[in-house]
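Student: Here it is, the structure in full.
Just so you know, all these numbers are worked out from the coordinates, no wet-lab data involved. Keep in mind the model is a prediction, meaning the values are calculated, not measured. Reconstructed Cβ throughout: ideal geometry from the backbone, glycine too, with neighbour counts over all protein chains shown.
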Ligand code: ADP
Ligand code: ZN
Ligand code: ZN
């Protein structure tokens, strides 16, 4: 047996902050190309790794070196290409994480567990027959607005922001652009991302229906966390080998290996779920832009309510700003079939009886819709029955003992549940403090809404004289696998008259018979300390309004306009004013003006460092000490980076862990990046000092979405 003779650098997942560098060296019997998947020993385990580019990657082993040898090579899988490795390296650098961590998180989990022989067997199994047919795709005629967008996307370089009203036919434009590209080049691949798993089934149906007859049954694959590990591996391999032409997925799909990538679509690009909130806190939308530029793929962002970042980046040139933004803005204002957008009805809750959940006019409107056989959708962004239980006699509240939050009252299963740490109790019959039986729910959640609607509509009949049917969709009703699909199918099939739910039902769904949407209690977000709260609320309400009246022919036959109702104690608030006229542009202009004056994103760049510890003092002490160290060392970038003092998070304690954070802000992204890179090792050193022993973890969040 020849002695191992070549040195290779391998990216693998080492325990975080273990002090081990990004790449580890191993010995190999033969040279291995960068991107090759290998199994290597790490401590007493054997783990998956990727051979990485390194200057000395093929150098000779020094005499007497005792490097450990590569344990196995996953020969069946082609090496991951340079664009993929560059994407991973960039994401690691930009989001301040270890290279190996990002690389391993980007690969399907099952790849980590399979030995080369097992993988080889898996690869032998025939997949669905790919292969093109001569069947021409029967395309529907595009509207003039769609055609104009399509031809510009085809002719120009991008990146593009497709700013199209809800129901303007954005998805149809995506389908056309994908088709055009796949037909022009038999090796081309497209990546289409959606914000939430619950939006993938409907989209998958549309893509498979359109493309499978032409490009083969295996041409479209999905990638999201709702899939089993074997399914994910299968999709991943299909994309990596080039057999899959289209990958549909959630944010994780941005890391899919796609050697023929030519187009990336990011649908509902404003959606916060594109930002990963654990581990490496990357933005899939921002990485899509980067990846597209690097790999020479077109990038198409789409939304009816673009993020202010993308809106600003797509500003047209003006005399004062002759360059304009980097993105090309494409506008599709009209709904398909000349359907009208929902008429917005605001109810001033100051004029309503004190405890009314449904104002009289809203209830009347829902009743009329039910009587005509139309569907309504009621939105409340809080699940459970009531957010807190309260004792009238002594003031006790159902506080979670482990978090600075209330336990939520769930009536269906008689529990008090903390939505932050999961701590669950049976609902007490008497006040745990004073023994009084006089304990009551305060506030309301979707369970209560469903219950009250059932009572309020109990006498209301549908056109066929049967009683109104009410359904609820939220995280509690959709826990079981397939439950959400089944519930949505019921709505689509017309088996539900009034649908109650959280934001889960507000986004993306192409409901055909919903004619009324109501937000019963949207005020909470108006006075939030988060500067993005009104942007998010506006987007959510516009999205929700967009679920109504999507079928122009149906609306014409019904003869009444579709409506979006908002119940508020501040009905004249700017958010609702802009909603009334569906005027995203005016809303964005006003918000951007405020952001510019306050030097906030997108006019500045931010990052957070968060520290978790047993006490606030330790958490904040760590941040203060690390800041002092940075200042003492005069780190690069400090002159243009503002470091704010540490503060507790809004929900300060979760699962008995105290959380603090500090904000960094700069007008220069480069300076902020340079500072963070220099600070990272200093944070590690600070952490290892004895006075910060109580620190549990710290993490960096670059371009944070919530502050
Ligand atoms: P969006 O993604 O902008 O909300 P969709 O692409 O889902 O809109 O389109 C809304 C509805 O209009 C869908 O049911 C779609 O099939 C239909 N549609 C889209 N484009 C056309 C067209 N050119 N002609 C007829 N119907 C269309
Ligand atoms: Zn009490
Ligand atoms: Zn808790």
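Student: Over the Cα atoms of the range 386-443, what radius of gyration and what Dmax do you get, in Å?
Tutor: Computed over the Cα atoms of the range 386-443, radius of gyration and Dmax are 10.4, 28 Å.
Student: So, one more: Which of the peptides 183-191, 33-41 is most tightly packed, and how do the rest follow, going by the mean number of other Cβ atoms within 10 Å of each residue?
Tutor: So the peptides 183-191, 33-41, ranked by packing, come out 33-41, 183-191.
Student: Related question: So, in nm, how far is label residue 338 from label residue 465 when the simple model puts each one 7 Å beyond its Cα toward the Cβ?
Tutor: In this crude label model, residue 338 to residue 465 measures out at 4.0 nm.
Student: Between helix 144-155 and the chain, what is the angle of the helix's C-alpha long axis to the longest principal axis, kept within 0 to 90° and rounded to the nearest 10?
Tutor: For helix 144-155, the angle is close to 10 degrees.
Student: I would also like to ask the following. Bin by bin, in steps of 10 Å, what percent of the Cα pairs in the range 379-492 do you find, going until the bin that has the longest distance?
Tutor: 13, 36, 30, 15, 5, 0
Student: Taking a label point 7 Å from the Cα of residue 315 along the Cα→Cβ vector, which residues of the range 593-636 have an amide N closer than 17 Å to it?
Tutor: 593-605
Student: Considering only the range 171-310, what is the antiparallel percent among its DSSP beta bridges, to the nearest 5?
Tutor: Bridges in the range 171-310 are about 5 percent antiparallel.
Student: I need the calculated FRET efficiency for the pair residue 569 and residue 697, taking r as the beta carbon distance and R₀ as 45 Å, to the nearest 0.05.
Tutor: Efficiency at R0 = 45 Å is approximately 0.65.
Student: With runs of 4+ DSSP H residues as the only contributors, calculate the mean residue ellipticity of the chain at 222 nm using -39,500 (n - 2.57) per run, divided by the residue total and rounded to the nearest 500.
Tutor: The per-residue figure over the chain is -9500 deg cm²/dmol.
Student: Please report the antiparallel percentage of DSSP beta bridges with both residues in the chain, rounded to the nearest 5.
Tutor: So the antiparallel bridges in the chain amount to around 55 percent.
Student: Two decimals is fine: what is log10 I(q)/I(0) at q = 0.14, 0.19 Å⁻¹ for the range 134-196, from a Debye sum with one equal scatterer on every Cα and no solvent?
Tutor: Summing over Cα pairs of the range 134-196 leads to -0.44, -0.82.
Student: What Kirkwood Rh does the chain have if only Cα atoms enter the pairwise 1/r average? Answer in Å.
Tutor: It is 28.0 Å.
Student: What spacing in nm lies between the two simple spin-label points modelled at residue 655 and residue 415, each 7 Å away from Cα in the Cβ direction?
Tutor: Those two pseudo-labels are separated by 1.6 nm.
Student: Another question, if that's okay. Would you mind calculating the relative contact order of the chain from Cα pairs under 8 angstrom and at least 6 residues apart, reporting the percent as a whole number?
Tutor: Here the relative contact order equals 11 percent.
Student: Would you mind getting me the FRET efficiency between residue 212 and residue 529? Use the beta-carbon distance for r and R0 = 60 Å, nearest 0.05.
Tutor: FRET efficiency, residue 212 to residue 529: 0.80.
Student: When a/c reaches 1.5 or more, the comparison of a/b and b/c decides; with that in mind, is the range 144-332 rounded, prolate or oblate per its Cα gyration tensor?
Tutor: Note, shape of the range 144-332 comes out prolate.
Student: So if each residue of separation counts as 0.36 nm, and I subtract the Cα-Cα distance between residue 512 and residue 429, what length gain in nm does that give?
Tutor: Once the chain is fully extended between residue 512 and residue 429, it gains 25.4 nm.
Student: Still on this structure: Helix 200-215 against the longest principal axis of the chain: what's the angle in degrees, Cα atoms only, rounded to the nearest 10?
Tutor: So the helix axis and the longest Cα principal axis differ by about 60 degrees.
Student: Another one. Can you classify the range 285-337 as rounded, prolate or oblate using the Cα gyration tensor, where a ≥ b ≥ c are the square roots of its eigenvalues, rounded means a/c under 1.5, and otherwise it's prolate if a/b beats b/c and oblate if not?
Tutor: Taking the square roots of the gyration eigenvalues as a ≥ b ≥ c, the range 285-337 is oblate.
Student: With everything on Cα atoms, drop me the angle between helix 669-688 and the longest principal axis of the chain, reported from 0 to 90° to the nearest 10.
Tutor: The angle comes out at about 70 degrees.
Student: Follow-up question, since we're still on this one. So, in nm, how far is label residue 183 from label residue 151 when the simple model puts each one 7 Å beyond its Cα toward the Cβ?
Tutor: Taking the two extended label points, one gets 1.6 nm.
Student: Figure the gain on full extension for residue 93 and residue 647 (residue separation times 0.36 nm, minus the Cα-Cα span) and round it to one decimal in nm.
Tutor: 196.8 nm
Student: Just to be sure I follow: if Rg is taken over the C-alpha atoms of the range 572-707 and Rh is the Kirkwood radius over the same atoms, what is Rg/Rh?
Tutor: Rounded to two decimals, Rg over Rh is 1.09.
Student: Using only the alpha-carbon atoms of the range 258-364 as identical scatterers, what base-10 log of I(q)/I(0) does the Debye formula give at q = 0.09, 0.14, 0.18 Å⁻¹?
Tutor: Each listed q corresponds, in turn, to -0.44, -0.80, -0.99.
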